[in-house]
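Notes to accompany the following structure.
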Amino acid sequence: MPKTAMMSREQIENLIRRLNEVENSRPTRSADEIVEGLSELLAENVEGWVNGKHLSGRAAADELDRGLYELVDDYHRVIDHLVIDPPFVSIDWCMKSVRHNLEGLGCSIMEVDEAGLILRFWMYFDPAPFKAIGMQI
């Protein structure tokens, strides 16, 4: 596995701020616009694991995101904790939807590449609240 160049804490914090701003703009932007904005923050060869399920490439990540944002049109994520150890970042979050009476807790770990894009991510959350609103996880 190639080693990524060291990103600064400030660069990684700015990336997470941009990521959260895009995600939380769902009430005013379409699901496709959100997916496009998020995709711009991912490396072309991004790899991810969602509760252990492997996703490879932007298209797979985009498909997962599109499903969530089409279903939850009042999506809002609050980051409770942020730990940066370049090139890695860990966030503890709560995703909320008033319309769906949803509060989903989880955490994400991301590795940022030398271009400031998300190269790898690991996301863990309780799937029960998401399954209850019809999301296939």
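The values are calculated or read from the model by the stated rules, or taken from the named source; none is laboratory data. Bear in mind the structure is a predicted one, so any value in this text is a computation, not a measurement. Every residue, glycine as well, gets a Cβ built from its backbone with ideal geometry; the counts of neighbours run over all protein chains shown.
Please verify whether Trp93 is closer than 20 Å to Met135 by Cβ and without any contact (Cβ under 8 Å) to a residue 40 or more places away in the chain, treating the condition exactly as stated.
Yes; evaluated as a whole, the condition is true for this residue.
Within segment 24-41, does at least one residue satisfy the condition of being aliphatic (A, V, I, L, M), touching a strand residue (DSSP E or B) at 6+ places or on another chain (Cβ under 8 Å) and surrounded by 16 or more Cβ atoms within 10 Å (Cβ to Cβ)?
yes
Quickly run through segment 42-71 and pick out the residues that are surrounded by 18 or more Cβ atoms within 10 Å (Cβ to Cβ) and hydroxyl-bearing (Ser, Thr, Tyr).
Tyr69
Select from segment 103-116 the residues that are in contact with a strand residue (DSSP E or B) (Cβ under 8 Å, 6 or more places away or on another chain) and surrounded by fewer than 18 Cβ atoms within 10 Å (Cβ to Cβ) and write down the one among them that is farthest from Arg26 (Cα to Cα).
Restricting to residues being in contact with a strand residue (DSSP E or B) (Cβ under 8 Å, 6 or more places away or on another chain) and surrounded by fewer than 18 Cβ atoms within 10 Å (Cβ to Cβ), the top hit is Ala115.
Looking only at segment 1-22, which residues are under 19 Å from Arg77 (Cα atoms), free of Cβ contacts under 8 Å to residues at least 12 places away in the same chain and of a type in the set (Lys, Arg)?
Scanning segment 1-22 gives a single hit, Arg17.
Among the residues of segment 54-75 satisfying the criterion of being modelled with pLDDT under 95 and in a strand (DSSP E or B), which is nearest to Gln136 (Cα to Cα)?
This residue is Leu55.
Please verify whether segment 111-128 includes one or more residues that are in a loop (DSSP other than H, G, I, E, B), touching a residue at least 24 places away in the same chain (Cβ under 8 Å), more than 24 Å from Asn14 (Cβ to Cβ) and not β-branched (Val, Ile, Thr).
Yes.
Against the condition surrounded by fewer than 19 Cβ atoms within 10 Å (Cβ to Cβ) and either within 22 Å of Arg26 (Cβ to Cβ) or modelled with pLDDT of 95 or more (or both), how does Pro127 come out, does it pass?
It is true that Pro127 is surrounded by fewer than 19 Cβ atoms within 10 Å (Cβ to Cβ) and either within 22 Å of Arg26 (Cβ to Cβ) or modelled with pLDDT of 95 or more (or both).
Applying the selection to segment 23-52, what residues are free of Cβ contacts under 8 Å to residues at least 40 places away in the same chain and part of a strand (DSSP E or B)?
Scanning segment 23-52 gives a single hit, Glu44.
I'd like to know if segment 85-97 contains one or more residues that are of a type in the set (Ser, Thr, Tyr), within 20 Å of Glu21 (Cα to Cα) and crowded, with 18+ Cβ neighbours inside 10 Å.
Yes: one or more hits.
Does any residue of segment 64-82 turn out to be farther than 28 Å from Ala132 by Cβ and within 13 Å of the chain's Cα centre (by Cα)?
no
For residues in segment 87-100 being outside any strand (DSSP E or B) and touching a helix residue (DSSP H, G or I) at 6+ places or on another chain (Cβ under 9 Å), which is modelled with the highest pLDDT?
Among those residues, the one meeting the criterion is Pro87.
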